[in-house]
Amino acid sequence: MNETELGMSRRAVLWTGVSALAAALVAARAAAQQKAAQKLVQYQEKPKGTQECDNCLHFVAPDSCKLVEGKINPKGWCQLYAPKPKDAKDAPKAKTK
């Protein structure tokens with residue numbers, strides 16, 4: 001039997017195998033990602049100035065975070081703080097000619 005009788009070349013079979021392996025590795029890595037420990041990111045129960053969890057991009061109401069493990073105080077703070085983007089309605093409008 002040759003390649004045309006089987007309908008697939010060795011190269012095609014190899015690429016299919018490599019693609020399947022890559023997909024499996026990506027899925028395994030995504031599942032292995034974990035949240036950071038509160039101590040590692042210097043989480044504290046009180047805000048740092050105006051920076052507080054409830055106005056952070058990563059905060060999930062009522063008491064969780066996308067990046068930090070455990071219960072999160074909405075008035076807390078950590079090093080991963082990132083302010084939520086301003087609403088489009090609050091942003092200044094550009095002048096048009």
Residue list for segment 73-87, restricted to those being part of a loop (DSSP other than H, G, I, E, B) and either modelled with pLDDT under 95 or under 18 Å from the mean Cα position of the chain (by Cα) (or both): C78, Q79, L80, Y81, A82, K84, P85, K86, D87
field: Single residue of segment 22-45 satisfying the filter (over 12 Å from C65 (Cα atoms) and of a type in the set (D, E, K, R)) that is modelled with the lowest pLDDT
entry: R29
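The values are calculated or read from the model by the stated rules, or taken from the named source; none is laboratory data. Keep in mind that what you see is a predicted model, and the values were worked out from it rather than measured.
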